[in-house]
Amino acid sequence: MSFTQTVEYLKQKGITQPEFGLILGSGLGDLADEIEQPICLDYSEIPNFPVSTVEGHAGELVYGQLAGRWVIALKGRFHYYEGYDLETVTYPVRIFHELGVSKLVVTNAAGGVNTDFVPGDLMIITDHINLTGANPLIGKNIQEHGPRFVDMSHAYSAKAIEFLAQIGEKYQPMKRGVYTWLTGPTYETPAEIRMVRTVGGDAVGMSTVPEVIVAQHCGMEVIGISCITNLAAGMQATLNHEEVIEVSQKAKPNFKKTLLEFIGEYA
Ligand code: HPA
C-alpha cells in the first residue's frame, strides 16, 4: 500500500505535527469534538484510507490541539470482522507514525470477564492476549517499518499506566487488566469466556490488538483504555450492541475528563 500519497495529502491539509494519535472506539469518538480549531476529514476523502462500516463509528479523522497538545484522532476504527485484512486495519497507525506521532492512545468498548468489574468501569490495559491466531505483521517484513521479531514485553507503557491511574483517582478510579482479542463479530459463548478467564484475560473485545502490535513495530509508546460496557457472555442474561453504546455514553464524561488531563499533562 502506498503510504506516501496518504501522508502527503494529510500534510497538505495542514496535519504537520501530531504528537498523540488517538483511536477512539465504540461510543467514545466524542473526545475528538473537544479538539480546538479542528481539521476534519472524512475517511472517504483521504487517498488509500479504508471506510468504516460499523454503526456507532463516524468515520472521520480530526487534527488539532487537545489540552494544548497536537493530536490526530480517528473517530471510528477498522475492524477485522468487517472483512478488512490486518494491513488495512492497521493502516492508520502506520500513517500516524509517518506523520510523527510518538504516543498512541487506543480506546475500546469491551466485555468484563474479571468478576470484580461492573459495566461503566474504565480499565487501563496493562497487557493483551491475542486469541485470534491472526497478526498484522505476518508476511514479508519491511525493515524500514520495524524489526522482523517484535518485543511485546512492554507493549503498554508502564509509565503512562501509572500516570493515567493517578489521574483516574480524581474522577473515576480505574481498573487495570488484560485485554483479550477475539475476532467477533459474534459475541463470545459462555464457555469461551470461562476459557478467557482461565488464561488470564480480564476483558474481551474485537479490536485494538492489531493496532497495538503495529504501534510496537513502529516504536510508539502505547496507552490503552477499555470501557467495560457489559459483563461478558454467561455473566449477564444477554448481550447487544445497543447496550454497549448506551453504557459507553454514560461512562463518557469521566472518560473524557481523565483522558483530556492525561493528554495535557503527560510528559
Ligand atoms: N465481547 C466482545 N466485544 C465486546 C463486548 C463483549 O462482551 N462488549 C463490547 N465489546
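The values are calculated or read from the model by the stated rules, or taken from the named source; none is laboratory data. This one's a predicted model, so the numbers in the text were calculated from it and none came from an experiment. All Cβ positions, even for glycine, are placed from backbone atoms using ideal geometry, and neighbour counts span all protein chains on display.
Brief remarks on what is shown
- Of the candidates VAL113, VAL106, the single residue that is crowded, with 22+ Cβ neighbours inside 10 Å, touching a residue at least 12 places away in the same chain (Cβ under 8 Å), closer than 26 Å to ALA232 by Cα and more than 17 Å from the chain's Cα centre (by Cα) is VAL113.
- In the stretch 143-256, counting only helices (runs of 4 or more DSSP H) that sit wholly within it, the ones holding 1 or more residues that are more than 16 Å from the ligand (Cβ to nearest atom), in contact with a strand residue (DSSP E or B) (Cβ under 8 Å, 6 or more places away or on another chain) and not small (Gly, Ala, Ser) span 158-171, 209-218.
- Filtering the stretch 75-101 to residues that are farther than 19 Å from GLU8 by Cβ and outside any loop (DSSP other than H, G, I, E, B) leaves LYS75, TYR80, TYR81, GLU82, LEU86, GLU87, THR88, VAL89.
- Test result for PRO119, within 15 Å of GLY177 (Cβ to Cβ) and of a type outside the set (Asp, Glu): yes
- Residue in the stretch 189-206 that is under 23 Å from TYR84 (Cβ atoms), under 14 Å from the mean Cα position of the chain (by Cα) and either surrounded by fewer than 19 Cβ atoms within 10 Å (Cβ to Cβ) or not small (Gly, Ala, Ser) (or both) present: yes
- If you filter the stretch 6-52 down to residues that are among the charged types (D, E, K, R) and not in a helix (DSSP H, G or I), you find that the one that is surrounded by the fewest Cβ atoms within 10 Å (Cβ to Cβ) is GLU36.
- Among the residues examined, GLN172 does not qualify as modelled with pLDDT under 95 and under 21 Å from ILE95 (Cα atoms).
- Just one of the listed residues (LEU231, LEU259) is among the aliphatic types (A, V, I, L, M) and surrounded by fewer than 23 Cβ atoms within 10 Å (Cβ to Cβ), namely LEU231.
- Candidates are the residues of the stretch 119-142 that are of a type in the set (Val, Ile, Thr) and at pLDDT 95 or above; the one that is farthest from the ligand (Cβ to nearest atom) is ILE138.
Listed here are the residues, each with its yes/no results for (1) exposed (fewer than 14 other Cβ atoms within 10 Å of the Cβ); (2) among the polar types (S, T, N, Q); (3) closer than 17 Å to SER207 by Cβ.
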residue	(1), (2), (3)
ILE138	yes, no, no
ASN141	no, yes, no
PHE149	yes, no, no
TYR179	no, no, yes
GLY184	no, no, yes
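- For ALA110, the stated conditions hold: it is within 16 Å of the ligand (Cβ to nearest atom), modelled with pLDDT of 95 or more and not β-branched (Val, Ile, Thr).
- Residue list for the stretch 28-46, restricted to those being at pLDDT below 95 and farther than 22 Å from ALA215 by Cβ: ASP30, ASP33, GLU34, GLN37, ASP42, SER44, GLU45
- Checked against (1) away from the ligand (no atom under 16 Å from the Cβ); (2) touching a helix residue (DSSP H, G or I) at 6+ places or on another chain (Cβ under 7 Å); (3) more than 21 Å from PRO136 (Cα to Cα), GLY64 meets all criteria but (2).
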